[in-house]
Amino acid sequence: MEKKVITVTSPLLPSLEEFMPYLQDIWGRKWLTNNGHYHQELEKALCEYLKVPYISLFTNGTLPLMCALQALRITGEVITTPYSFVATTHSLWWNGIKPVFVDIDPETCNLDPDKIEAAITPKTTAIMPVHVYGKPCDTERIQEIADKYGLKVIYDAAHAFGVEVNGKSILEAGDMSTLSFHATKVYNTVEGGALVCHDEQTKKRIDYLKNFGFAGETTVIAPGINGKMDEVRSAYGLLNLKQVDEAIEARRQVAIKYREALRDVKGIRVVEDMPGVRHNYSYFPIFIDAEAYGMTRDELYFKMKENGVLGRRYFYPLISEFSTYRGLESARPENLPVATKIADCVICLPMYYNLTKEDIERVINCIQK
Ligand SMILES: Cc1ncc(COP(=O)(O)O)c(C=O)c1O
């Protein structure tokens, strides 16, 4: 009998039974989008869950990045990481901003604060770090540098839903943070996202920007875009929020099993929890030292695939290697030795709340053998 394929991710879904009454209510209200009842309810519920005062829902996690840059009127050059999903850098490109790539820290895979200052020029206006795999960036060091040079900080927190440091939301850091609620994320609204800011005035501006710039029936105050989340996905989001803690706990149990089994495998490095951090276990990356392990990352990746275990080379290739960015001075591999190495040795293992014991064992066996 053919073995079942273990996918790299699986969406957290609300029960259809629970979803139907919400749909019936939406059908009854006949108000499908434009800051409807469920949109408002989900913004309120997310503020509470994420412990932040202001949040604006979006239709995906890319538009909040683009709108954050507009809201803060960022221009010129922005320092960012090549070790992320392309949307991070694309948001700069779509705003006519030049990305300046800075290398990453080998432990956290986040922007290395020690390397930021050397990349600052008179044109630099902001820093756009990413909390990669939900691991918190060194927000204190980054803020110190930003304050010293008068720069804004926008965190791409697409992976960092629910992450806390010493009981405080990671989303409090910087000027703004963005979230993605894509189907593959810890918390999803099918497609969706949000922009977190720290004051009412800014929230108002963001809400104008995501609605074509409309500030009234006949007033347009900025070249806004359509970034609104609809009622159906907002209701779905309310239901998923009820079960996200349970899902995070289930993911934590998967991470514990992976770590126990793989920590001592020669040539494999696993990530450990950081003290004082509430992690969300959004991804489980392993890093392969080909010489010590006896197999390259790609050899292992394809071996897993042959055995019906789908990993993901995330992030590979680096953003700086895509044709749009390759020509930039800061994109040269010799400028990014750590990121280049990490991108060549990483595999993210299957990670979701309903991975079975047998699935986990199959993944582990594939790597231990
Ligand atoms: C780090 C990062 N930033 C931005 C995004 C874009 O989010 P979305 O797919 O919701 O537009 C993603 C999505 O995978 C991501 O991983």
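General observations
- Inter-residue pairs, beta-carbon under 8 Å, first closer than 13 Å to Thr121 by Cα and in the stretch 95-108, second among the β-branched types (Val, Ile, Thr) and surrounded by fewer than 22 Cβ atoms within 10 Å (Cβ to Cβ), 6+ apart: Val100/Thr121; Val100/Thr124
- Odd one out for Ile142, checked against (1) buried (at least 22 other Cβ atoms within 10 Å of the Cβ); (2) within 13 Å of the chain's Cα centre (by Cα): (2)
- Residues in the stretch 229-243 that are within 14 Å of Val190 (Cα to Cα) and not hydroxyl-bearing (Ser, Thr, Tyr): Met229, Asp230, Glu231, Val232, Arg233, Ala235, Gly237, Leu238, Leu239, Asn240, Leu241.
- Check on Val5, open to solvent by 70 Å² or more (accessible area, probe 1.4 Å), closer than 26 Å to Cys348 by Cα and of a type outside the set (Gly, Ala, Ser): yes
- Applying the set (1) touching a helix residue (DSSP H, G or I) at 6+ places or on another chain (Cβ under 7 Å); (2) surrounded by 20 or more Cβ atoms within 10 Å (Cβ to Cβ) to Phe161 leaves exactly one unmet item: (1).
- Hits in the stretch 134-161 (condition: away from the ligand (no atom under 16 Å from the Cβ) and among the aromatic types (Phe, Trp, Tyr)): Tyr149
- Breaking point among (1) among the basic types (Lys, Arg); (2) closer than 30 Å to Ser234 by Cα; (3) open to solvent by 40 Å² or more (accessible area, probe 1.4 Å), for Lys98: (2)
- Filtered residues of the stretch 314-331 (kept if of a type outside the set (Phe, Trp, Tyr) and open to solvent by 60 Å² or more (accessible area, probe 1.4 Å)): Glu321, Ser323, Thr324, Arg326, Gly327, Glu329
- So Tyr293, is it free of Cβ contacts under 8 Å to residues at least 60 places away in the same chain, aromatic (Phe, Trp, Tyr) and either over 30 Å from Val338 (Cβ atoms) or open to solvent by 20 Å² or more (accessible area, probe 1.4 Å) (or both): yes
- Conditions (1) among the aliphatic types (A, V, I, L, M); (2) surrounded by fewer than 17 Cβ atoms within 10 Å (Cβ to Cβ); (3) under 24 Å from Glu246 (Cα atoms); number of the one not met by Ala194: (2)
- Residues that are part of a strand (DSSP E or B) and either in contact with a Cys (Cβ under 8 Å, 6 or more places away or on another chain) or not β-branched (Val, Ile, Thr) (or both) within the stretch 144-174 comprise Lys152, Tyr155, Asp156, Glu164, Lys168, Ser169, listed in sequence order.
The values are calculated or read from the model by the stated rules, or taken from the named source; none is laboratory data. The model shown is predicted, which means the values in this text are computed figures rather than measured ones. As a convention, Cβ positions derive from the backbone with ideal geometry for all residues, glycine included, and neighbour counts pool all protein chains shown. Protein only, heavy atoms only, side chains kept; ligands, DNA and RNA dropped before computing areas. Shrake-Rupley method; radii C 1.70, N 1.55, O 1.52, S 1.80 Å.
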